[in-house]
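Below is one structure, written out as structure tokens; comments come after it.
The values are calculated or read from the model by the stated rules, or taken from the named source; none is laboratory data. For clarity, every value in this text was computed on a predicted model and none was experimentally measured. Reconstructed Cβ throughout: ideal geometry from the backbone, glycine too, with neighbour counts over all protein chains shown.
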Amino acid sequence: MEEREEQEGLPIPDIFLNSDTKGPLTNCIQCDHDLTLGERFYMIEKVFKRYPQLESTQVLFEYAVCSECYERMREGLSKESMANLSAYMMTNTDFEAMQMRMQTYPDDPEKWLSHCMIKGMPKEELTEFQMGACFKGDRLVTNFMPPFMIGNVAMEEMNELLSKETKDEMDGFMDENFGIPPELRKDLVLI
């Protein structure tokens with residue numbers, strides 16, 4: 001029974017809904033494939049900036065990308081960058097803490113995302129952070145990877161591991177899809 005529930009997944013958490021419409025992100029940012037059909041897995045990634053003095057958190061950008069486009073994007077990253085990021089994640093991710101949050105709150109994925117999975121800092125103490133998760137249709141799935149939240153300190157460290165080729169590839173993606181100036185995306189790492 002538990003295996004069946006994991007395959008079915010959970011409803012899309014509010015944090016991964018479109019910040020403007022409050023509905024699901026429905027199309028792949030690259031190929032415009034209709035993600036609501038449930039034919040492909042897809043990733044949603046969001047980047048947030050907190051303004052403590054205003055007691056406000058803003059979504060800088062958000063997107064959904066289907067599994068086919070996601071794989072093409074990953075293939076565009078240099079082998080050096082992929083190896084560096086993989087080693088960093090395996091060495092620095094606090095898998096036990098993440099697993100404990102998932103076990104403690106099995107039906108509340110937003111609580112899984114309460115701390116940076118690498119540095120362990122609570123979300124409330126971060127000025128910038130990014131979140132991502134895997135979905136299929138209208139369901140959050142964890143078969144391939146758990147939802148993640150990474151804070152600005154870890155993002156900066158990961159950015160230092162990227163080759164110029166990979167940084168150029170990410171800048172091209174940002175220019176093409178968001179038009180975000182380089183000074184706002186200096187530490188962005190597409191997971």
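Couple of notes before you dig in:
- For the stretch 16-36, the candidate set comprises residues that are at pLDDT 95 or above and part of a helix (DSSP H, G or I); within that set, the residue that is nearest to M174 (Cα to Cα) is F16.
- Close Cβ contacts (under 7 Å, 6 or more residues apart or on different chains) running from residues in the stretch 161-176 that are of a type in the set (G, A, S) to residues that are buried (at least 18 other Cβ atoms within 10 Å of the Cβ) comprise S163/S81.
- Going through (1) modelled with pLDDT of 95 or more; (2) farther than 21 Å from M131 by Cα one by one, S78 falls short only on (1).
- Test: residue in the stretch 65-81 that is of a type in the set (S, T, N, Q), touching a Pro at 6+ places or on another chain (Cβ under 9 Å) and either surrounded by fewer than 18 Cβ atoms within 10 Å (Cβ to Cβ) or touching a residue at least 12 places away in the same chain (Cβ under 8 Å) (or both): no
- If you go through the stretch 31-49 and keep only what is more than 15 Å from L113 (Cβ to Cβ) and under 16 Å from the mean Cα position of the chain (by Cα), you end up with F41, Y42, K49.
- Of residues in the stretch 9-54 being closer than 28 Å to N152 by Cβ and among the β-branched types (V, I, T), the one surrounded by the fewest Cβ atoms within 10 Å (Cβ to Cβ): T21
- Condition check for R101: touching a His at 6+ places or on another chain (Cβ under 9 Å) and surrounded by 14 or more Cβ atoms within 10 Å (Cβ to Cβ): yes
- Some residue of the stretch 50-71 being farther than 25 Å from L25 by Cα, under 17 Å from the mean Cα position of the chain (by Cα), hydrophobic (A, V, I, L, M, F, W, C) and not in a strand (DSSP E or B): no
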